[in-house]
Structure formats: C-alpha cells, structure tokens
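Visitor: Handing you this structure, nothing more for now.
Here, each number is a calculation from the coordinates, and none is a lab measurement. These figures come from a predicted structure and were not determined experimentally. When we count neighbours, we look across all protein chains shown, and the Cβ atoms used for this are built from the backbone with ideal geometry, even at glycine.
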Amino acid sequence: MTNKLRFILVLAMTFACANIAAAQAIGFVNNQNSNSVDFFGAVGSNGGILNTTINFDTALLGLLQSTLYAPLGVNLAATGIFSTVVSGVGPSQVGTTAPRSFGEGIHPESKYLGTPGDFQSTGCFAPGCGGSLTISFALPVLAVGLFTIDLYNPPSAPHVVTLEAFTGQNGTGASLGRFSSASFNFQQNAMYFMGVLSPAGNIGSVVFNDPNDAVNGDVIGIDNILFAPAPGRMVPPPIDVSGKVSVTQNGFGRNRATGLYVATMTVKNTSNTTINGPIEVVLAVLSQRTYPTAIALSSS
Ligand SMILES: [Ca+2]
Ligand SMILES: [Ca+2]
C-alpha cells in the first residue's frame, strides 16, 4: 500500500495556567438574607456567568444519580441524607429558638436532596441523618454555591454545616478555604445560601459537610446548586502550527497477526519556540478504502 494519506497538522495552544497558586477563596456565608445576591455580584465582577440549571427538578425520585449533570461537566457524590432526591417544601421541622431568619425565602415545593423520612416533630438523631455532598467539575470553576433548607443553627444549639473548596476533584488537592454556616435558626424551610468564589478560577470541587446533629436532631435539604465556569479556563480555539513542525512517516507495514497496515508518523517542532499542548493531528483527504481504525500517540 502506498501512502495515500495527506496530513494536516493542527496544534491547540493553551495559555500558561498550570501553575496557578492556591490563593484563598472568598466565602459568601455571613449575610443570611442576601448571600446569593452578593455571590451573583462577585461572579459578575470577576467575569463569570452563572449556571443555574442544577435544581434536581428533572431528577428521578430516590437515589441520586451522580452523573445526572455530567453534560454540564458536574459530578455529584453524596453521602447520608443527601443521597436521595425527594420532593416537597423541605424537612418542615419544628423549633422556634432565636435568632430566627427567613434567609432568602421559603423553599418552593420542588425536588431537592434530603431525607425521605418525616422528622418534623421528632428530629433525626442517627448518624445517617448527616451527610456530605461533593460537587466536582470537569474543568475548574470560578465559583460554586448552594441553598440549604431548614437549617437549625442558633448559637445556643449549634448545628454548623460547612462548605470547603479544593483545587482538585472529589475534595482533593489544596484547600482554598472552608466556610461555616451563619448562626441562625432557618426553620421552617427557609433557604440559606452558602457560596465560595476563587478569583484564580481554580475550584476543582467543593465539599458540603453536614455533621450529624445528635443533640437537636436537625435535618436539612439542599437545592439549587449554582456555579460559574472560570473565564480564564475556557478552551481557546486551535491554532494551525503546521508551519512550525515537520511531519515524517514511514511506510505502511502489514501486521500479519491483525491484518492491519501500520505506520508511524513523527511530528517534530522545527521552530525555535515552544509549542504548548494539547496537540491535535488532523488526517485529511482519506480515500474510501484507507482510513485509520486506531491511532496510538506517544511523545519524546
Ligand atoms: Ca428543586
Ligand atoms: Ca431542620
């Protein structure tokens, strides 16, 4: 077989952003009535655009599917009470201890993450009444936030929940900051927002943690996860660097075991400048009978 392939090479350039320092992130937890408003403003002033589509309203009731929002580049890993999608206004627990807050309003009836059990009057004291929700992103993001429902956290009987951001996925890498809930009683069913923003746009995941409240039996829900992709992490369009490289290829040889014709192509940087990856090689003008079935890449 003669070489009937013609190669056009396109290399994608990426901006030098591999060494972003783990700068401290900013928390939005202290203004119990307007955290989300502050968060919206900060996202905008940092050039971000919020994605507000994660509201669980298209989810099936029951066990949360971790890949439900995979098309958005979001993975959800839940434990305890946040493993379940339920429907309603919230846990509706009773308790009038001051200081009370309506937060950012009463949660409208809809699907959310929470326990399917009814603990309105009795409380829920078992270890499984707490839980965690780890939100990971395929590409690092600028900011993440969520609404809690029915949190009972007065100073006299604290049930502190936290939101911590990390540079890596699944709560790995460097911590960018850990933020605790405000000391108010948000029962019944008031929404309280907790958010975190990293100006470096390097949040790989956030971990929301609800320790079991064995004293008060408080249970909460989670709804409406908001996030903003990092503007600096948007993938730049590919740049044609064919003129900076040489392309050589040996002739096709037939592998008797597989019956496939195999060739090796070498791409060499012949310029005096560095070419940053990722690298794409585009094969063009393939004949109808000559096309690659598999391509393996290596570099040296
Ligand atoms: Ca919802
Ligand atoms: Ca509660």
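Visitor: Using 5 Å bins from zero, what percent of all Cα-Cα pairs in region 125-260 falls into each bin?
Guide: 2, 9, 16, 15, 12, 9, 7, 5, 4, 4, 4, 4, 4, 3, 1, 0
Visitor: What FRET efficiency would be calculated for the residue pair Glu109, Val282, taking the C-beta separation as r and a Förster radius of 41 Å, to the nearest 0.05?
Guide: About 0.20, to the nearest 0.05.
Visitor: Taking neighbour counts of Cβ atoms within 10 Å as a proxy for exposure, in what order, fewest first, do Met265, Met191 appear?
Guide: Met265, Met191
Visitor: Quick one: Leu133, Leu60, fewest Cβ neighbours within 10 Å first, how do they rank?
Guide: In order of increasing Cβ crowding within 10 Å: Leu60, Leu133.
Visitor: Something else now. Determine one quarter of the surface area of the Cα convex hull of region 26-233, which equals its mean projected area, and express it in nm² to one decimal.
Guide: Seen from a random direction, the Cα hull of region 26-233 projects 10.0 nm² on average.
Visitor: Let me ask you something else. Any idea how far the Cα center of region 36-100 sits from the one of region 166-228, in Å?
Guide: The two parts, judged by their Cα centres, are 10 Å apart.
Visitor: Something else now. Taking 0.36 nm per intervening residue step and subtracting the Cα-Cα distance, what contour gain separates Val37 from Thr79 on full extension?
Guide: The span from Val37 to Thr79 would gain 12.3 nm if fully extended.
Visitor: Further question on the same structure: Of the listed peptides 68-80, 102-114, what is their order by residue-averaged count of other C-beta atoms within 10 Å, with the highest listed first?
Guide: Those peptides, ordered most packed to least, come out 102-114, 68-80.
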